[in-house]
Amino acid sequence: MPAPLIAHSRPTLDAQDARVVAKVVRSGWLAQGARVEEFERRMAAFVGVRGGVAVNSGTAALKLALLALGVKRGDEVILPSYVCAAPWLAVHQIGAVPKLVDIEPGSYTIDPIRAKKALTKRTRAIIVPHLFGLPADLTRLQALHVPLIEDCAQTLGATEQGRPVGSVGVAAVCSFYATKLLCTGEGGMLLSRKAVVLERGRVLREYDEEPLLVPGAFNRKMTDLQAALGLSQVRRLRQFIRRRRAIAEMYRKALASAGVGLPVIPKGRTHCFYRYVIRLQDGRHSGLEKVMARLDRRGVQCHRPVFRPLHRYLNLKGFPESEEAHRTALSLPIYPSMTDRMVRRVVTVLREELA
Ligand SMILES: *Cc1c(COP(=O)(O)O)cnc(C)c1O
């Protein structure tokens, strides 16, 4: 009999999660209401900002952030190539121009030097994804004096120079998609320390019962069903992160001599290990696809941590760090409900298949 599959990612759900959602069903109030407001307050408190605007996805939150900052058609927005398609789509869909830059060597996060070189008179914002649980170099990005939108879809509870991610930029966005650090199925949030950004975000989130017809407004609302689940999850978020860090520590010890590159944590930053991403050796290991297929046959599901860098979709050249990450980065299973035994199994299979 084959060993049971160890999934790449799983939401962490318990009986209390089920109870709070059932309670909303019984209450008869399903749409955006008191639970959504409470979830916004809890997330804002977790990140350390003034408030939040809950929406139906992380992508919607990105669009809302851009619109709330007044980014318009023809404006330029800088973002890294090595990220999922959501930030590019958000910029493109509001009529602004996405300007791709490469990542730092090692950290997978946007390179501040390359971001600086991409600045023009029309640059209105930089989208800063904190990838895989590691904050980007916010200090050097802040020195560029362009509004920063922190993409915290993969990173919460981690710090850069002691500052929690999401609290540094003029706006931040979260995703509560099923595989993220905390989940509501689908969902997202705009967070900000600035009242004006939050107010603009709220006006654009819905279309009805507003004093004016706002052209950018749309239905991006979250439901109380989702928010109740989010509230139940955020109460356990610190605990989730502790478990993720403990699993990462097990991987670090067990893989130190395995001939693979381990996650690098630059000085002044902390990691929440949304993903545990190792680097295969370009020459010695026989291609990512083949390694993934072999691991999969042994019941260990590993993924590329970014499906395809944006410059590849767009046929652009000159992104050597993103290219190398695409060629060599492998994301191992990591989630709070993984047992120590499952972690050991991943290590054993990985060592055998890479030997
Ligand atoms: C998941 C994710 C998004 C998009 O969030 P959705 O809720 O799926 O729309 C945006 N940015 C990053 C870095 C993500 O990981």
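Per-residue counts of other Cβ atoms within 10 Å, averaged by peptide: what ranking do you get for 332-340, 83-91, highest first?
Ranking, from highest mean packing down: 83-91, 332-340.
A crude spin-label estimate for the pair ALA246 and GLU289, with each label 7 Å from Cα along the Cβ direction, gives 3.9 nm. Each listed q (0.11, 0.20, 0.21 Å⁻¹) maps to a log10 I(q)/I(0) for the stretch 209-355 from the Debye sum over equal C-alpha point scatterers, namely -0.58, -1.24, -1.31. Treating each Cα of the stretch 210-288 as one equal point scatterer and applying the Debye formula with no solvent, the log10 of I(q)/I(0) at q = 0.20, 0.21, 0.22, 0.26 Å⁻¹ comes out as -0.97, -1.02, -1.07, -1.24. Straight Cα distances below 22 angstrom link LYS72 to the lysines LYS63, LYS99, LYS116, LYS117, LYS121, LYS194, with same-chain residues fewer than 8 positions distant left out. Sequence-distant contacts, meaning Cα pairs under 8 Å at least 6 residues apart, place the relative contact order of the stretch 60-150 at 29 percent. Put a dot 7 Å past the Cα of HIS92, heading toward its Cβ, do the same for TYR207, and the two dots end up 2.4 nm apart. With viscosity 0.692 mPa s and temperature 37 °C, the Kirkwood radius over alpha carbon pairs of the stretch 24-153 converts through Stokes-Einstein to a diffusion coefficient of 208 µm²/s. Rounded to the nearest 20 debye, the dipole size of the chain about its Cα centre is 640 debye, using +1 on the Cβ of Lys and Arg and -1 on the Cβ of Asp and Glu. With neighbour counts taken as other beta-carbon atoms within 10 Å, the residues HIS285, HIS145 rank, fewest first, as HIS145, HIS285. Sorting 156-168, 222-234, 58-70 by their mean Cβ neighbour count within 10 Å, with the most densely packed peptide first, gives 58-70, 222-234, 156-168.
Which order do peptides 317-329, 20-32, 247-259 fall in by mean Cβ count within 10 Å, highest first?
Most protected by this proxy first, the peptides run 317-329, 247-259, 20-32.
The stretch 1-65 and the stretch 144-218 have Cα centres separated by 14 Å.
For every other residue with a beta carbon closer than 14 angstrom to the beta carbon of GLY169, add +1 if it is Lys or Arg and -1 if Asp or Glu, then tell me the sum.
+2
Residues whose amide H falls under 5 Å from that of GLY185, counting only those 5 or more places apart or on a different chain, are ALA178, with hydrogens built in the peptide plane. A cut-off of 5 Å between modelled amide H atoms, ignoring neighbours fewer than 5 places along the same chain, links HIS303 with SER331. The ALA31 and ALA355 beta-carbon pair, evaluated with R₀ = 51 Å, returns a calculated FRET efficiency of approximately 0.40. Looking at the chain, the DSSP beta bridges with both ends there are about 55 percent antiparallel. Here the stretch 1-43 was treated as a single set of alpha-carbon atoms; its pair distances binned every 10 Å from 0 give 20, 35, 24, 14, 7 percent. Go from 0 up to the bin containing the longest alpha carbon distance in the stretch 245-305, width 10 Å each, and give me the % of pairs per bin. Over the stretch 245-305, the share of Cα pairs per 10 Å bin runs 19, 50, 27, 4 percent. Each Cα pair under 8 Å and six or more residues apart adds its sequence gap; the mean of these over the residue count of the chain is a relative contact order of 23 percent.
Across every pair of non-identical alpha carbons in the chain, the mean reciprocal distance, once inverted, gives a Kirkwood radius of 20.9 Å.
Between SER257 and ARG163, the contour length at 0.36 nm per residue exceeds the alpha carbon distance by 30.5 nm.
Read-outs: derived from the displayed coordinates by stated rules, not from any lab. Here the structure is a predicted model, which means the values were calculated and not measured. Cβ atoms come from the backbone with ideal geometry, glycine included; neighbour counts cover every protein chain shown.
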